[in-house]
Amino acid sequence: MIQNNSTEASADGIDLSTASLADPEILAHPNAFYAAMRKDDAVHYDKNLDMYLISRYEDLQTVLRDPITFSVKKGFAEQYAKGFLKEYKEILERDGGGFFVNAIMTDPPEHTRVRRLLDSAFTAHRVKTLQPEITNIAVDLVEKLLAKGEGEVFSEFAMPMTSRIICKQLGVDLPSATVQRWALALTQQISRMQSREDMLRAAKDVCDLQNFLLAEIKDRQNSPPREDMISDLVHARLDDADQPTLGLDELVTLGVALLVAGNETTATALTTMFYIFATRPDIAATLRASLDDDRVVTRFVEELLRFDPPVRGITRMTTKDVEVGGVALPKGAHLLLLYASANDDDSEFDSPREFDMNRPNIGRHVSFGAGIHRCVGAALARMELKVAVREVLSRMDNIQLAIPNDEITYLPTVATHTIARLPLTFTRRG
Amino acid sequence: MSIISVTFVQKDGSERLLAGIPATGTLMEAGRSVGVDGILADCGGACDCGTCHVYVPPEWTKRVGPPNDIETDTLDLMVQNFEPGRSRLSCQIRLSSELDGLRVTVATT
């Protein structure tokens, strides 16, 4: 929960021998659980998840910086559709064009060739050229909300904004609700909280998504290059003599990743932004007074990302016996790196539960990860958030929760920390 | 294409001389390709993460040039020990024959 309390006090009342991150209450409001771990058991084995939870800033850095000892590929494979993989795979092979090998959740050297290609697509300089387009989309959505005076901002602002932007980049035309459904179906596969019924529903959505992308890819394979990212991927020439073009597994899973990763995560942050505006009018007022000051808006966005990171954590698996934070881990141990906990570690950030836009080390949060798997879309995410801050605060006033604070629910997933519904009221700024 | 040499001074004072390298790509790419300590380049040269931060000595600042606007924002936000006038992100420094003999100090990440 976003609140202005101290970390120390919040460690009270958590019994680590029984508490689990799989508990929906803890998933929704995890900070006290994280604080208890950092204090008493920094590399904590969660029996329900069968995972080691990594909670301290320093330990996250150690793991993130060593992709050979801590394999993303193995960690992802262990997590994916956990408990239902065989059936899920059969459904995708039968109805979804195949079960494609993920091209991002991999280790060096196979990760490197794909990563280099994507780096160039999302440079801060290229993202800057997208600002006018992103602004138009944000203005349109804010105006639609203002016309009603109320709205549920995850589905009526955040998801439409992120999905329109990424669809435009990819060169596809899809309703926001479809993108949202597909994104949730995908994220659910790493949520660790799904039932068989959930999996069956999600598998159908993932089949639809794959079939859609396969058609878009085929369309571009048979035509000259166009000005969109799917075309860029289809026609890309890599610095790799053995495999100079992307294979079908790579094309499909990169397309999926761009559509999903560029969506739900940023949409989550946009929703949290609204939550802060509604519950911390002091922060909204400070920002309103400085909307023309790029540095202030930039720092707000960074502190927002530190304070409540959209991604809860990414998994790793140890490839040998290794010690982390003084704890001996066996080869094959499954780890979950808790970004929010690292961002809340007072050995790195003073008074971490204070929302402080003037932190000297504000950019050192791990909300985008670190090392070779650091979020490739970080610059785009920041740009979307900065534009949203400006357009929302310059046009809206009296942003308030339309339901009691304690009725706000979060999606049941270990993958993200996402407000499920955020109904708000607001007025046009005079 | 001309061939140049550049030197990275590490925080412990040791030096990494990259002699006879082609003047192409960026200083970050040259440093990363041989594993210079502190040139992590997490974002791959997107000017977004601040993990390829170097200090340019006064005698080189004119030839290397100042950071661009986006780079200045990233330095301000992301790096520890940002020193205006000296700090650059090595991913934004394009190698050229002009920079033959360049020495930079790798900042602490």
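The values are calculated or read from the model by the stated rules, or taken from the named source; none is laboratory data. The structure presented is a predicted model; accordingly, all values stated were derived computationally and were not measured. Every residue, glycine as well, gets a Cβ built from its backbone with ideal geometry; the counts of neighbours run over all protein chains shown.
The figures follow:
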| item | result |
| --- | --- |
| Some residue of the range A:342-362 being farther than 21 Å from A:M273 by Cα, within 14 Å of chain B (Cβ to nearest Cβ) and modelled with pLDDT of 95 or more | yes |
| Count of residues meeting criterion [buried (at least 17 other Cβ atoms within 10 Å of the Cβ) and outside any helix (DSSP H, G or I)] in the range A:100-120 | 7 |
| Residue satisfying all of: in the range A:388-430; in contact with a strand residue (DSSP E or B) (Cβ under 9 Å, 6 or more places away or on another chain) and among the small types (G, A, S); farthest from the other protein chains (Cβ to nearest Cβ) among these | A:A402 |
| Selection within the range B:66-75 - at the interface with another protein chain (Cβ under 7 Å from one of its Cβ atoms) and either without any contact (Cβ under 8 Å) to a residue 24 or more places away in the chain or part of a loop (DSSP other than H, G, I, E, B) (or both) | B:I70, B:D73 |
| Every residue from the range B:84-109 that is within 14 Å of another protein chain (Cβ to nearest Cβ), in contact (Cβ under 8 Å) with a residue 24 or more places away in the chain and farther than 21 Å from A:R374 by Cβ | B:R94 |
| Among (1) at pLDDT 95 or above; (2) touching a Leu at 6+ places or on another chain (Cβ under 7 Å), the one test that A:R113 misses | (1) |
| Residue in the range A:176-188 that is more than 24 Å from A:L27 (Cβ to Cβ) and either surrounded by fewer than 18 Cβ atoms within 10 Å (Cβ to Cβ) or in contact with a Gly (Cβ under 6 Å, 6 or more places away or on another chain) (or both) present | yes |
| Looking only at the range A:90-135, and only at residues there that are small (G, A, S) and under 27 Å from A:E384 (Cα atoms), the one that is farthest from the other protein chains (Cβ to nearest Cβ) | A:A103 |
| B:V34 being within 25 Å of A:L117 (Cβ to Cβ), more than 14 Å from chain A (Cβ to nearest Cβ) and surrounded by fewer than 19 Cβ atoms within 10 Å (Cβ to Cβ) | yes |
| Test: B:R16 is under 19 Å from A:A379 (Cα atoms), part of a strand (DSSP E or B), within 14 Å of the chain's Cα centre (by Cα) and basic (K, R) | no |
| Output for the range A:137-170, where each listed residue is in contact with a helix residue (DSSP H, G or I) (Cβ under 6 Å, 6 or more places away or on another chain) and hydroxyl-bearing (S, T, Y) | A:T162, A:S163 |
| Qualifying residue in the range A:420-427 (condition: part of a loop (DSSP other than H, G, I, E, B) and either under 30 Å from B:R32 (Cβ atoms) or among the hydroxyl-bearing types (S, T, Y) (or both)) | no |
| In the range B:55-65, residue farthest from the other protein chains (Cβ to nearest Cβ) [restricted to those that are part of a loop (DSSP other than H, G, I, E, B) and touching a strand residue (DSSP E or B) at 6+ places or on another chain (Cβ under 8 Å)] | B:P57 |
| Residue that is within 30 Å of A:G83 (Cβ to Cβ), surrounded by fewer than 21 Cβ atoms within 10 Å (Cβ to Cβ) and of a type in the set (D, E), where the choices are A:D219, A:D249 | A:D249 |
| Residue match in the range A:62-70 (condition: in a loop (DSSP other than H, G, I, E, B), touching a Ser or Thr at 6+ places or on another chain (Cβ under 9 Å) and within 14 Å of another protein chain (Cβ to nearest Cβ)) | yes |
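Condition check ((1) touching a Cys at 6+ places or on another chain (Cβ under 7 Å); (2) more than 14 Å from chain B (Cβ to nearest Cβ)) across all residues:
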| residue | (1), (2) |
| --- | --- |
| A:F307 | no, yes |
| A:T318 | no, yes |
| A:G369 | yes, no |
| A:K386 | no, no |
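For (1) more than 14 Å from chain A (Cβ to nearest Cβ); (2) under 19 Å from A:A124 (Cβ atoms); (3) touching a Lys or Arg at 6+ places or on another chain (Cβ under 9 Å); (4) not β-branched (V, I, T), each residue gets a yes or a no:
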{"residue": "B:V6", "(1), (2), (3), (4)": "yes, no, yes, no"}
{"residue": "B:D42", "(1), (2), (3), (4)": "no, yes, yes, yes"}
{"residue": "B:H53", "(1), (2), (3), (4)": "no, yes, yes, yes"}
{"residue": "B:V79", "(1), (2), (3), (4)": "no, yes, no, no"}
